[in-house]
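First comes the structure, then the notes that go with it.
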Amino acid sequence: MATREVTAVSSGLNLSISRMSEHDLLEVVEIEVNSGLSLWGWDAYHKELQSREDVIMLVARTQPGAVETGVDPGNDRAVAGFIVARVVAGELHVNNVAVRPEFRRQGIAARLVEAVLSQGRDNGARIAFLEVRAGNVPAQGLYRRCGFQVTGRRRRYYRQPVEDALLMSLLLESSP
């Protein structure tokens with residue numbers, strides 16, 4: 001699945017959004033652990049990278065000159081965030097989105113969601129779905145700003161801790 005690189009400037013932060021590579025996985029797993037996501041771990045992300053072309057895995061990287069925020073100053077292309085999704089039978093399923101704590105509230109997650117929605121459309125998806133923890137109000141707000149609406153609830157969907165999931169969806173194209 002071809003991924004075009006997108007450069008975004010948000011709150012003075014220079015970013016590029018591009019396809020995730022195996023070299024990004026240690027940082028992706030670090031972000032996952034620090035974000036409270038249901039853990040996939042290195043092996044699961046690596047397996048997704050090796051799977052069919054219906055997988056969309058993107059990372060947002062800081063560019064030289066990015067705002068110093070505690071990330072190793074020698075690493076001027078650090079992974080600031082990532083998103084993992086899959087297109088199946090005309091549906092885009094967003095699996096994971098996370099941003100390093102020091103880069104949050106700068107529009108990075110929204111840029112990642114917009115990029116994955118665009119690529120999903122390009123690959124024939126007509127609707128997008130995701131699940132979000134019922135208690136994760138900031139993520140729900142992000143998804144609403146990106147156009148998603150709550151369409152259902154999955155009881156006791158998450159583990160550690162056990163929590164309901166809200167099912168959210170977004171129509172990507174109107175029916176003919």
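Read the figures in this text as sums done on the coordinates, not as results from a lab. All of these numbers come straight from a predicted model, not from anything done at the bench. All Cβ positions, glycine included, derive from the backbone under ideal geometry; neighbour counts span all protein chains shown.
Quick check: from the Cα gyration tensor, does the range 77-153 come out rounded (a/c under 1.5), prolate or oblate? Cα axes put the range 77-153 in the oblate bin.
The ranking of T151, T62 by Cβ neighbour count inside 10 Å, starting from the fewest, reads T151, T62.
Computed with the Debye formula from one identical point scatterer per Cα of the range 6-171, without solvent, the log10 of I(q)/I(0) at q = 0.12 Å⁻¹ comes to -0.51. Around the amide H of A98, modelled in the peptide plane, lie the amide H atoms of F82, all under 5 Å away and 5 or more residues distant in sequence or on another chain. Estimated from the Cβ-Cβ distance and a Förster radius of 35 angstrom, the FRET efficiency linking E173 and N136 is about 0.80. Label-to-label distance, A44 versus V88, with points set 7 angstrom from Cα along the beta-carbon direction: 1.4 nm. FRET efficiency for the E30 to Q160 pair, using the beta carbon distance and R₀ = 25 Å, is estimated at 0.85. Residues whose amide H falls under 5 Å from that of I127, counting only those 5 or more places apart or on a different chain, are L92, L172, with hydrogens built in the peptide plane.
For a paramagnetic label modelled on V150 (point 7 Å from Cα along Cα→Cβ), amide N atoms under 14 Å away belong, within the range 88-132, to 131-132.
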